[in-house]
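Accompanying notes for the structure given below.
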Amino acid sequence: MREMDRSFVKCGDVEVCVFRSRGGALFAIENVCPHQGGPVCEGRLSGTLVWDDENDRIEWTLDGAILTCPWHGVEFDVSSGAALGGIDMRLRRRQITDDGRDLWVGSRI
Ligand code: FES
């Protein structure tokens, strides 16, 4: 898997997407948006804009760690699963293990 690639696998009857972030971290996320069930893992993996009080300007941050659902545009931090913007939703994440040869997707975390 190359950096920023994503792969889809079936875990029982659930589709799970495995991402590798720009920093090399692995994330496994169920491909069901907690909003209305959209294919969240097919969305853009990018960053987001936040207000920087110290410099009094908008800053681009978390590049490569923000997943945007393609249906209604809710942004999620893939490292925590939490939605941005004060929205009380969270992605369903799975354990992921790299044994040096294969990647193993486990139970929900
Ligand atoms: S289904 Fe994902 S934001 Fe609505």
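The values are calculated or read from the model by the stated rules, or taken from the named source; none is laboratory data. Bear in mind that the values here come from a model prediction, so they are computed numbers and not experimental data. Positions of Cβ are backbone-derived with ideal geometry, glycine not excepted, and every protein chain shown enters the neighbour counts. Just the protein is used for accessible areas: all its heavy atoms, side chains included, with ligands, DNA and RNA removed. Shrake-Rupley method; radii C 1.70, N 1.55, O 1.52, S 1.80 Å.
Put Phe8, Phe76 in order of accessible area, highest first, and with a 1.4 Å probe you get Phe8, Phe76.
Full extension of the chain segment joining Cys11 with Leu103 gains 31.8 nm, where the gain is 0.36 nm per residue of separation less the Cα-Cα distance. The Cα atoms of the chain define a convex hull whose projected area, averaged across directions, is 7.5 nm². For region 45-54, 3J(HN,Hα) computed residue by residue from phi via the Karplus equation (6.51, -1.76, 1.60; θ = phi - 60°) reads 9, 8, x, 8, 9, 9, 7, 9, 4, 4 Hz, glycine and proline entered as x.
Close amide H partners of Cys33, meaning residues 5 or more places away or on another chain with modelled amide H under 5 Å apart, are Gly38, Val40. In this Cβ point-charge picture (+1 for Lys and Arg, -1 for Asp and Glu), the chain has a dipole of about 520 debye about its Cα centre.
When you filter the trypsin sites (Lys or Arg not before Pro) in region 1-78 for DSSP loop state and at most 15 other Cβ atoms inside 10 Å of their Cβ, you are left with Arg2, Arg22. Rounded to two decimals, the Cα radius of gyration of region 1-59 over 2.2 N^0.38 Å is 1.45. Segment Asp88..Thr48, full-extension length gain: 12.6 nm, with 0.36 nm per residue of separation and the alpha-carbon distance subtracted. When the solvent-accessible area of region 50-109 is split by element, carbon and sulfur atoms take up 46 percent of it, the probe being 1.4 Å.
Take the chain with all the other protein chains still there, run a 1.4 Å probe, and you get 60 Å² of accessible area per residue.
Listed values for region 59-65 are Karplus-derived 3J(HN,Hα) couplings in whole Hz (6.51 cos²θ - 1.76 cosθ + 1.60, θ = phi - 60°), namely 10, 7, 9, 6, 4, x, 10, and x replaces Gly and Pro.
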